[in-house]
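Novice: This is the structure I want to talk about, given as structure tokens.
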Amino acid sequence: MPRKGKGVRIVIVAEDERLRIFARKTLEAFGFDRREIYERVDHPKRGTGSGKQYVEKKYVEEYKAYRSRSSRGENVALTLATDADEQTVPDRAKKLDQQLSAEGLQRNANDAVFYWIPKWHVETWGLYLTGTGDVDEYTRYKHLAASIDWRKTGKSFVSEYRQFKQQPSLKTLSSLRIAYGETQRLGV
Amino acid sequence: MINHLYIDNYRCFTNFEWKPGPLSLLLGDNGTGKSTIFDVLETLRDFVTNPYHTSAAFPAHTLTAWDKRREQTFELGILRNEGQYTYRLVIEHAEDHAKNRIKLEQLSGEGVLLYQFEDGMAHLYRDDGTEGPVFPFDWSRSALGTIPERQDNTRLTWFRRRLERVFALSPVPLHMVGHTEGEIWRPDRRLGDFASWLKHLSNDMAFGARLTEKLQPVLDGFAGIRFKPTGDMAWELRFTFDYAETDQTNGFDIPFGRLSDGQRCLTALYTALLWLDESPGATLLWDEPSNFVSLREIQPWLLDVQDMVEEQGQQCMFISHHPELINALAGEHGAYFYRETGGPVRVKGFEWKPEDMSPAEIVGRGWEE
């Protein structure tokens, strides 16, 4: 787990503001101080359709920075938050991996580099984690964003993650199960 | 939230209209009127809420240099939940510019007229729109600030209180002294009376504790603040630090004035942040919040502000030329101020596509047009 200290320990690359805030609040709920987290804020506006390319482009840049710092023994981490939209979560993850392989790089099993990829979009997780009715991964919920209490989602993610680690449940959304597996790379 | 501003025939503003959102970053070259926006908001606030004379608030030199008209017009729109409030003020200058006076002053809210001053007569209207008292009033001052709160004028007095909570800051560390002889609830723009403001805020013990908590990760070894009496009704703001050696901790305190410029500004940033947190519906205007502050400190503060704006409804407007702030805010919240061939100020949204270079790079190259 990245240690607490003065410098930034975790970098967030997200495809839009909503995902970025979700990622930060979740990391804060894991106990990281705001000052340990650095957010790439130069992402596009939501709805412009270019967020995915942004994440893919920045991933390579930030992965190289991650490797450079971690090779010096620094305990750093990198979070990528991107919607799956119409793709499957594994396909979206594969697309991210391909960005690295195109540069001759590869995400290693012990890298603290993890993907948070909600099916369709982060509202799916937002609704599920705040218990706002039945949620599945076939329906699109983007129009319900305003009804979600985003302050609760991070805490709920952490609490579900901890339960999931003790006893994985098939009731959990499939994209969240994958995200919980990814989160273990953070060492929390 | 202030959601509309109209300025006509005031300094470099002619028929200017702007619709700010909850969070705005004012961008543009020097001399494009960004700071003047803050001046106008402060002036309107003081004119409505204080006994402020038209000759002091709108002196003749504020008339637009190239405009021959003698009337200045201001409109301020504030959104209250779903109800819109609009304040309109027309100042008329004498031909020789020696005097000026109110030609028209009007406040409407939630669909009804609440107040009107015209031809030397002030007309009050009740919350339900029915006509209230009519009385003669000074042509050179707003009567709005003198009207006592009553059960039937809650809309008018809400507007006045809302306007009082517009704070404009542009700290100058050299002016930020630690000596205070009392308390003030609103500081001056340069924060020369910062210690008096902090003394006022620290009356709430929880505020002091929260400020300490915020500043501890920011100022190495910071332990707390205290006001040391230096005479009758005089205090000195001092900062306490713990210097930890291997086997013991040595505490010491130093006057606020001996902190570095950056440390004083960081203290001001977090004080303002906590004030904002406790002031629902307030508007904070900050000219160059990143001045004197290390690069590392900008994002944590800014994210606190963004959370507050999003979750609690406060409003912030910043002016900045700092790349970190520009990259963080310009894409979503940038308002680009410009002047065509040295003429009146205009404003438009900052256009940026992520496949382009970063917003700060674009601004740095003057490609924002």
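The values are calculated or read from the model by the stated rules, or taken from the named source; none is laboratory data. Fair warning: this is a prediction, and the values are worked out from it, not measured in the lab. Note: ideal-geometry Cβ built from the backbone for every residue, glycine included; neighbour counts use all protein chains shown. The area values use the complete protein model at the heavy-atom level, side chains included, leaving out ligands, DNA and RNA. Shrake-Rupley method; radii C 1.70, N 1.55, O 1.52, S 1.80 Å.
Novice: Between residue B:367 and residue B:50, what is 0.36 nm times their sequence separation minus the Cα-Cα distance? Round to one decimal in nm. Write out the running numbers ahead of the final one.
Specialist: On the way: separation 317, 0.36 × 317 = 114.12 nm, distance 4.26 nm.
Extending this stretch completely gives an extra 109.9 nm.
Novice: Just for the Cα atoms in the protein assembly as shown, what are the lengths along the principal axes, largest first, rounded to whole Å?
Specialist: Principal-axis extents of the protein assembly as shown (Cα, largest first): 79, 60, 50 Å.
Novice: Restricting attention to the alpha-carbon atoms of region B:126-212, what are Rg (one decimal) and Dmax (integer), both in Å?
Specialist: Taking only Cα atoms of region B:126-212, I get Rg and Dmax of 18.3, 52 Å.
Novice: Just to verify a number: what accessible area does residue B:172 come out at with the full protein assembly present, 1.4 Å probe, Å² rounded to tens?
Specialist: 40
Novice: Shifting gears a bit: By what distance, in whole Å, do the Cα atoms of region B:17-94 stretch along each of the three principal axes, largest value first?
Specialist: 40, 33, 21
Novice: Mean projection of the alpha-carbon convex hull of chain B over all orientations, in nm²?
Specialist: Computing the convex hull of the Cα atoms and averaging its projections yields 22.3 nm².
Novice: I'd like the accessible area for residue A:97: 1.4 Å probe, protein heavy atoms, all chains in place, Å² to the nearest 10.
Specialist: Near enough 60 Å² of accessible area.
Novice: Here's another thing I want to ask about it. What is the magnitude of the charge dipole of the protein assembly as shown about its Cα centre, with +1 placed on the Cβ of each Lys and Arg, -1 on the Cβ of each Asp and Glu, and no other charges, expressed in debye to the nearest 20? Each step should come with its number before you reach the end.
Specialist: Working: 72 positive and 82 negative charges, 261 e Å.
Taking the Cα centre of the protein assembly as shown as origin, the dipole is about 1260 debye.
Novice: In debye, nearest 20, what is the charge dipole magnitude of region B:14-171 about its Cα centre with +1 on Lys and Arg Cβ and -1 on Asp and Glu Cβ, if you could check? Each step should come with its number before you reach the end.
Specialist: Details: 19 positive and 23 negative charges, 58 e Å.
Here region B:14-171 has a charge dipole of around 280 debye.
Novice: For residue B:228, which lysines qualify as cross-link partners when the Cα separation must be under 23 Å and same-chain residues fewer than eight apart are set aside?
Specialist: B:199, B:214
Novice: Cα axis of helix B:34-49 to longest principal axis of chain B: angle in degrees, 0 to 90, nearest 10?
Specialist: Once rounded, the angle reads 70 degrees.
Novice: Which of rounded, prolate or oblate describes region A:11-121 when judged by the alpha-carbon gyration tensor and an a/c cut-off of 1.5?
Specialist: Details: a/c = 1.66, a/b = 1.13, b/c = 1.47.
Because a/c hits 1.5 or more and a/b fails to exceed b/c, region A:11-121 counts as oblate.
Novice: Here's a follow-up. Need the full-extension length gain, residue B:279 to residue B:15, defined as separation in residues times 0.36 nm minus the C-alpha distance. One decimal, nm.
Specialist: Full-extension gain reported as 91.8 nm.
Novice: I would also like to ask the following. Report the full-extension gain for the segment residue B:312 to residue B:70: residue separation times 0.36 nm, less the Cα-Cα distance, to one decimal in nm. If you can, show how the numbers build up before the last one.
Specialist: Details: separation 242, 0.36 × 242 = 87.12 nm, distance 4.16 nm.
Full extension from residue B:312 to residue B:70 adds 83.0 nm.
Novice: In the structure displayed, which of A:52/A:152; A:142/B:19; A:58/B:353 lie more than 22 Å apart, Cα to Cα? Can you show the working numbers first?
Specialist: On the way: A:52/A:152 26 Å; A:142/B:19 27 Å; A:58/B:353 15 Å.
From the list (A:52/A:152; A:142/B:19; A:58/B:353), the Cα-Cα distance tops 22 Å for A:52/A:152; A:142/B:19.
Novice: For a distance above 25 Å, tell me the whole-number percent of Cα pairs in chain A that qualify. Each step should come with its number before you reach the end.
Specialist: Values: 5161 of 17578 pairs.
Cα-Cα pairs of chain A separated by over 25 Å account for 29 percent.
Novice: Using a 1.4 Å probe, how large is the accessible area of residue B:347, given in Å² and rounded to the nearest 10?
Specialist: Residue B:347 has an accessible surface of roughly 30 Å² with all protein chains in place.
Novice: Here is a follow-up. How many percent of the accessible area of region B:285-341 is carbon or sulfur, using a 1.4 Å probe? Show your work: numbers first, answer last.
Specialist: Numbers: 900 of 1810 Å².
Solvent-exposed carbon and sulfur of region B:285-341 make up 50 percent of the total.
Novice: Run the numbers on chain A and let me know its relative contact order in percent, using alpha-carbon pairs under 8 Å that are six or more apart.
Specialist: Values: 277 pairs, mean separation 45.9, N = 188.
Dividing the mean separation by the residue count of chain A yields 24 percent.
Novice: Ok, one more. Sort B:99, A:94 by accessible area with a 1.4 Å probe, largest first.
Specialist: Values: B:99 145, A:94 120 Å².
Result, largest first: B:99, A:94.
Novice: Once you keep just the Cα pairs under 8 angstrom separated by 6 or more residues, what percentage relative contact order results for chain B? Present the calculation step by step, with values, prior to reporting the outcome.
Specialist: Details: 710 pairs, mean separation 65.6, N = 369.
Contact order relative to length: 18 percent.
Novice: Treating the angle as unsigned and between 0 and 90°, give the value, to the nearest 10°, between the Cα long axis of helix B:295-312 and the longest Cα principal axis of chain B.
Specialist: The helix B:295-312 is inclined about 50 degrees to chain B.
Novice: If a/c stays under 1.5 just call it rounded; otherwise compare a/b with b/c (prolate if a/b is bigger, oblate if not). Do that for region A:81-188, with a ≥ b ≥ c from the square roots of the Cα gyration tensor eigenvalues. Could the numbers behind the result be given before it?
Specialist: Numbers: a/c = 2.14, a/b = 1.41, b/c = 1.52.
Note, shape of region A:81-188 comes out oblate.
Novice: Report the label-to-label distance for residue B:130 and residue B:84 in nanometres (one decimal), using points 7 Å from each Cα along the Cα→Cβ vector.
Specialist: It works out to 2.7 nm between the two label points.
Novice: Which FRET efficiency value, to the nearest 0.05, do you get for residue A:98 and residue B:186 by plugging their Cβ-Cβ distance into 1/(1 + (r/R0)^6) with R0 = 51 Å?
Specialist: On the way: r = 56 Å, r/R0 = 1.10.
That gives a FRET efficiency of 0.35.
Novice: I need the Kirkwood Rh of region B:245-369: take the reciprocal of the average 1/r across all distinct C-alpha pairs and report it in angstrom.
Specialist: 16.9
Novice: With only Lys, Arg, Asp and Glu charged, each at its Cβ (+1 for the first two, -1 for the last two), find how big the charge dipole of region B:1-102 is about the Cα centre; round to the nearest 20 debye.
Specialist: Details: 11 positive and 13 negative charges, 18 e Å.
Using Cβ point charges on Lys, Arg, Asp and Glu, region B:1-102 gives about 80 debye.
Novice: Defining a contact as two alpha carbons under 8 Å apart and six or more residues distant in sequence, what relative contact order in percent does region B:41-146 show? Don't skip to the end; give the middle numbers.
Specialist: Values: 194 pairs, mean separation 24.3, N = 106.
Here the relative contact order equals 23 percent.
Novice: Mean-square fluctuation check for chain A, GNM, Cα pairs under 10 Å: which of A:121, A:43, A:143 is largest?
Specialist: Of the options given, A:143 has the highest mean-square fluctuation.
Novice: Between residue B:60 and residue B:112, how high is the FRET efficiency from 1/(1 + (r/R0)^6) when r is the Cβ-Cβ distance and R₀ = 45 Å? Nearest 0.05. Provide the component values of the computation, followed by the final result.
Specialist: Working: r = 35 Å, r/R0 = 0.77.
It comes out at approximately 0.80.
Novice: Label-point separation (nm) for residue B:232 and residue A:65, each offset 7 Å from Cα along Cα-to-Cβ?
Specialist: So the label points at residue B:232 and residue A:65 sit 5.9 nm apart.
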